[in-house]
Amino acid sequence: MAILQPNEMKFDDKKFSMIIVGAPGTGKTTLALSAPDPILLDLDKGISRVKAQHRTIASMVDTYEELLEDLKSDAFQRAKTIVVDTGGALVTLMQDYVVRKDAVNRTKSGTISIKGFGAVKAEFQSFVNKIKTVYNKNVIFVFHSVEEKDKDGNPIVRLMCEGSARNLVWQPCDLGCYMYMDNGVRVAGFTPTDTYFAKGCYGINGLRKIPTLEDNAKNDYITKLFDEARQNIALENEYFSKQKEVYDAAISAGAKLVEKVVDIETANNFTNEFKKIEHALTSQVEIKAMFREKIDSLGIAWNGQAKRYELTKKEDAGEDNASAKA
């Protein structure tokens, strides 16, 4: 079965999706390449700006069709993280692709049509889902930032991308940070503010200083960040493990209580004994369901006026039944 209790859910091999937004020169690509075993989809042709010792294997294509072919390569299959640099350039390649693919996606003048933007949105979703679910990879989108004005005229930083994909990209994302320089120090903000959007999860939030990489220093900041997130998930699992012990004891005690219900007197005694049980996870709901099934079989229902259980025909029990009392 695919249904799991919270304590049964394991995330040891959890793959993450992340967005890095920032102005040129803040080190976004270098930071993205600090993820585990990355392959760079260098769609912005910017790998030359990364120091040689921090470069990694890269896909450098001119069309979306070429990119899809590179996803079949051995190099892609071996990689643990896919770095898309930039997400805006990916959307541009997709726009060119859908316009050439189907006439309905372009206007008479050859530009992308309304339906074309819809096709790009669908293609973008398919691309992300394939990387995350089919290939089971980490994925990091690098975006340039652009300053806009909110409805009150205040400056706000947004990622640079055409069409609705700009908002769509955030939805499946686990983490998202805005990178900027603060008195010569690179900073990544994982908590949204009034001036920029970000996304924190698994204990990764707030402002984090990104260390300057000295000569021969290992570029592994995001690798460690992902490890930290997994450790935080493991700590949560320890909590659920303790809860599972309480849950098992509660279900056992509840089943014994339900077994003792054989008449009106024992049905009315059930509630007081039920309250003495320490509950966890879904034990309370499950025991109530067992009790309701038992009294239904005995022809017993809750009388709201008398405030007690009484013998009655099942069809006269009404909605004010055992679940309301228990």
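Here, each number is a calculation from the coordinates, and none is a lab measurement. Given the structure is predicted, the values throughout are model-derived calculations rather than measurements. Cβ placement follows ideal geometry from the backbone for every residue including glycine, while neighbour counts extend to all protein chains displayed.
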- Item | Net charge dipole size for the chain [Lys, Arg +1 and Asp, Glu -1 on Cβ; Debye, nearest 20] | 380
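Shape verdict for region 192-242, please, from the Cα gyration tensor: rounded (a/c under 1.5), prolate (a/b greater than b/c) or oblate. Show your work: numbers first, answer last.
On the way: a/c = 4.16, a/b = 1.32, b/c = 3.16.
Oblate, because a/c is 1.5 or more while a/b does not exceed b/c.
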- Message: Cut-off under 15 Å on the C-alpha distance; same-chain residues fewer than 8 positions from K199 excluded. Which aspartates and glutamates are left, in chain and number order?
- Response: D174
- For region 82-208, just say rounded, prolate or oblate: build the C-alpha gyration tensor, square-root its eigenvalues into a ≥ b ≥ c, call rounded for a/c under 1.5, and beyond that prolate if a/b exceeds b/c, oblate if not. oblate
- Please give the calculated 222 nm ellipticity per residue for the chain, where each DSSP H segment of at least 4 residues contributes -39500 (n - 2.57) and the sum is spread over every residue; nearest 500 deg cm²/dmol? -12000 deg cm²/dmol
- Note on the structure: Measuring from the longest principal axis of the C-alpha atoms of the chain, the long axis of helix 221-260 (C-alpha) lies at a number of degrees, nearest 10, equal to 10
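State the antiparallel share, in %, of DSSP beta bridges confined to the chain, rounding to the nearest 5. List each step's numbers first, then the result.
Details: 21 of 45 bridges.
Here the share of antiparallel DSSP bridges comes out near 45 percent.
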- Query: What angle do you read, to the nearest 10 degrees and between 0 and 90, between the alpha-carbon axis of helix 114-129 and the longest principal axis of the chain?
  - Reply: 70
- Item | Residue of Y178, Y309, Y221 that the Gaussian network model of the chain assigns the largest fluctuation, springs spanning Cα pairs under 10 Å | Y309
- Task: Indicate the gyration tensor shape class of region 1-153 (rounded, prolate or oblate), computed on the Cα atoms with a ≥ b ≥ c the square roots of the eigenvalues: a/c under 1.5 is rounded; otherwise a/b larger than b/c is prolate and the rest oblate.
- Result: rounded
- Message: Let's test the formula: R0 of 41 Å, r as the Cβ-Cβ distance of A23 and K242. What FRET efficiency results, to the nearest 0.05?
- Response: 0.35
- What residue among R292, R100, R158 shows peak mean-square fluctuation when the chain is described by a Gaussian network model with Cα springs under 10 Å? R292
- Query: Mind checking the angle between helix 264-275 and the chain's longest principal axis? C-alpha axes, 0 to 90 degrees, to the nearest 10.
  - Reply: 40
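Please give the contour-minus-distance gain from E228 to N129: 0.36 nm per residue of separation, less the Cα-Cα distance, rounded to one decimal in nm.
Working: separation 99, 0.36 × 99 = 35.64 nm, distance 2.42 nm.
The span from E228 to N129 would gain 33.2 nm if fully extended.
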- Message: Straight-line reach only, C-alpha to C-alpha below 16 angstrom: list the aspartates and glutamates that K121 could link to, leaving out same-chain residues fewer than 8 apart.
- Response: D96, D102, E162
